[in-house]
Amino acid sequence: MIKTTLTAALVSAAALGLTACDVQKTQEGNVNLPKYDVSKTQEGSAQLPKYDVKGPDVNVSSTEKQVTVPNVDVNAEKKTIEVPKVTVTTPKEKEQQANAGAKQ
């Protein structure tokens, strides 16, 4: 469910970004392919269209607003608690430890 929602959000954002662009074709495209029988009858050429793409101007700024927020006093104290300790030994490290123990 989260993957579907995330994918939909990303596709929507990409579509919104593309709709904000101004695209104008500046040159027509042309593809002339060579014709072949037993021998070539004409030379081929290809010309792709050109586009000018102008993205939107995005201005990010901040402004100050007054909002009502709660005033909370928090008193913190130090306590000793038990937390898990994880030690990871890779197979390569195990082999090195075994070799070092065998040499002693």
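The values are calculated or read from the model by the stated rules, or taken from the named source; none is laboratory data. Model, not experiment: these values are computed from the prediction. Neighbour counts are summed over all protein chains in view; Cβ atoms, including those assigned to glycine, are modelled from backbone coordinates with ideal geometry.
Tabulated data for the structure shown
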{"item": "Only one of V53, V72 that is hydrophobic (A, V, I, L, M, F, W, C) and either in contact with a strand residue (DSSP E or B) (Cβ under 8 Å, 6 or more places away or on another chain) or within 30 Å of E28 (Cβ to Cβ) (or both)", "result": "V53"}
{"item": "Selection count, segment 46-104, where residues are under 30 Å from D22 (Cβ atoms), surrounded by 10 or more Cβ atoms within 10 Å (Cβ to Cβ) and of a type in the set (D, E)", "result": "1"}
{"item": "Test result for E95, in contact with a Pro (Cβ under 9 Å, 6 or more places away or on another chain), among the charged types (D, E, K, R) and at pLDDT 75 or above", "result": "no"}
{"item": "Subset of segment 31-62 that is of a type in the set (S, T, Y) and part of a strand (DSSP E or B) - its residue that is modelled with the lowest pLDDT", "result": "Y36"}
{"item": "V74 assigned to a loop (DSSP other than H, G, I, E, B), at pLDDT 80 or above and within 37 Å of the chain's Cα centre (by Cα)", "result": "no"}
